[in-house]
Amino acid sequence: MNERETLKINGKGHLEIGGADCVELANKFGTPVYLFDEAHIRNMMRVYRDTLAQKYAGKGLVLYASKAFSCQAVYRIADEENIGIDVVSGGELFTALKASFPADKIYMHGNNKLDYEIGEALDAGVGCIVADAYSELDKIDAEAKKRGITQTVLLRINPGIEAHTHAFVQTATTDSKFGFSISNGTAEKATLYAMSKKHLHLAGYHCHIGSQIFEKQSFVLAVEKCMDFSAEMKKKHSFALETLNIGGGFGIWYTDEDRKIPPEGYAEYLEALITAVMDKANEHNLALPFLLIEPGRSIIGEAGITLYKVGAIKDIPGVKKYVAIDGGMFDNPRYALYQSKYTPVLANRANDKATEIVTIAGKCCESGDIIATNVALPKVESGDIIAILSTGAYNYSMAMNYNRNLIPPCVLVQNGEAEYIVRPQSYEDINRNDVIPSRLAKK
Ligand code: LLP
């Protein structure tokens, strides 16, 4: 097993997260359950925050990309750590506001913000909206006018970088639903368009080149292109870059095919970007912009694990051994969506040697409901507890009620103490919005 600060094996041979015994947590909270180590989350937020403060000659702010994991408690942690957040929907915005997150440190994203979401963002007084279409610029301008305000916006631009990651999570190649492309001239047109709007203040640009990327160079290239483009806009249109948001996307460890970067290691990624911004500002004689980064996965991903209980075991001789768990694609759809790989640990016998290769299957009525294929585990018995590592990002946030399975609760662990941050769903919860028209009522 890949031993990490967050995870340990205790004297009983049980997996521990944040100082709490996973077998005890499984007994107390039931399974499946998402567990989060608070220290790890805070540590990652601090690494980014402190690196930005210490290495960047200008000013800046770390934004936690809350699509990775959104709930009220995580917004409280981000606020306590003095960082900002990005939200991509009215739902995330509402959740953050419910958690008393300061609106001026909220950045609103999305490639198709709905009219009411723009209204909600303006009413809340969010610091900035990142616009991704002409129609959005029109709507934000009109809504700002109604309220007698000027709204600060950034334009999402597409630097056309092809990052080395799974094709489905690339967002800045030329064929992308995101951003105004630099290369085909739409970013320039959108700049002029935004500058012409009375109730908008165009503060700068945003780019995000994709997710789960380890290639430092692709981030650096994207930053360089944004800075070159800003210099061109200054020359041609006297546009002054005040703010540059360079997105998120740093990769994390899921299996030993991935690089294992300790929390401090992420400082190097940020430093490479900072250097690129400062060098380019120097080269083009631009003032240093207010610098924003938006990591999501790298803040929360390795801080989380999911515990499951083993149920049916199906050995198909010469083919495969399926180990079925009490969760599946409804709590983690990432294998079904991206064939993502995960590392399992037998949490109740974590020191046992791996002796067999199994496929971990979920309980949904769907053959593709798999959590991990061909993974090595000790001989697994029904009733064992399996921990899947690195599930903190894009698991709970993409969970669903397929087959009317209940979305598992989220538990936050701090110094061995554990408590709910998202309570378990009940069958009543998932029936709350069902309506039986009177003509269908049971007679
Ligand atoms: N900023 C923007 C504008 C984004 O679109 C994203 C992620 C981030 C920041 C944060 O990126 P991160 O640091 O988390 O890589 N559901 C997929 C991931 C989709 C990422 C979407 N955008 C998955 O499970 O892998």
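Read the figures in this text as sums done on the coordinates, not as results from a lab. Predicted model only: the values in this text are computed from it and were never measured. Here the Cβ is made from the backbone with ideal geometry for all residues, glycine too, and neighbour counts use every protein chain on show.
By the rule of a C-alpha distance below 18 Å, with chain neighbours fewer than 8 residues away ignored, the lysines paired with residue 260 are 8, 216, 341.
If I take all pairs of Cα atoms in the chain, what percentage of them are more than 32 Å from each other? Distances greater than 32 Å cover 41 percent of the Cα pairs.
What the Cβ-Cβ distance of residue 425 and residue 24 gives, at R0 = 22 Å and to the nearest 0.05, is a FRET efficiency of 0.45.
Cβ crowding within 10 Å ranks 321, 353 as 353, 321, fewest other Cβ atoms first.
Here each label is just a point 7 Å from Cα along the line to Cβ, and for residue 240 and residue 284 those points are 1.6 nm apart.
Can you give the log10 of the normalised intensity I(q)/I(0) at q = 0.15, 0.30 Å⁻¹, computed with Debye over equal Cα scatterers of segment 282-333? Debye output, listed in q order: -0.70, -1.14.
Rounded to the nearest Å, what's the spacing between the alpha carbon centres of segment 83-117 and segment 291-370? Just the number, please. For segment 83-117 versus segment 291-370, the Cα centre distance is 31 Å. Computed from Cα positions, the angle between helix 216-237 and the longest principal axis of the chain comes to roughly 20 degrees. A Förster radius of 51 Å combined with the Cβ-Cβ distance from residue 232 to residue 316 puts the calculated FRET efficiency at roughly 0.25.
Computed from the C-alpha gyration tensor, the three semi-axes of the ellipsoid equivalent to segment 91-201 are 25, 19, 10 Å, from longest to shortest. Computed from label points 7 Å out along Cα-Cβ, the spacing between residue 177 and residue 400 is 1.4 nm. As a size descriptor, the averaged projected area of the C-alpha convex hull of segment 210-259 was calculated at 3.8 nm². Across segment 252-276, the residues whose backbone nitrogen lies under 17 Å from the label position 7 Å along the beta-carbon direction of residue 54 are 262-275. Between residue 150 and residue 365, residue separation times 0.36 nm minus the direct Cα-Cα distance comes to 72.3 nm.
When a/c reaches 1.5 or more, the comparison of a/b and b/c decides; with that in mind, is segment 345-418 rounded, prolate or oblate per its Cα gyration tensor? Oblate, since a/c reaches 1.5 and b/c is not below a/b.
In this model, which of 105/198; 59/98; 67/197; 189/234 are farther than 18 Å apart at the alpha-carbon? Going by Cα-Cα distance, 105/198; 59/98; 67/197 fall outside the 18 Å limit. Taking every pair of alpha-carbon atoms in segment 14-116, give the share separated by more than 18 Å as a whole percent. Within segment 14-116, distances greater than 18 Å cover 57 percent of Cα pairs. Extension gain for residue 123 to residue 382 (0.36 nm times residue separation, less C-alpha to C-alpha distance): 88.0 nm. Here the simple spin-label model places points 7 Å from the Cα toward Cβ, and for residue 353 and residue 442 these points are separated by 5.7 nm.
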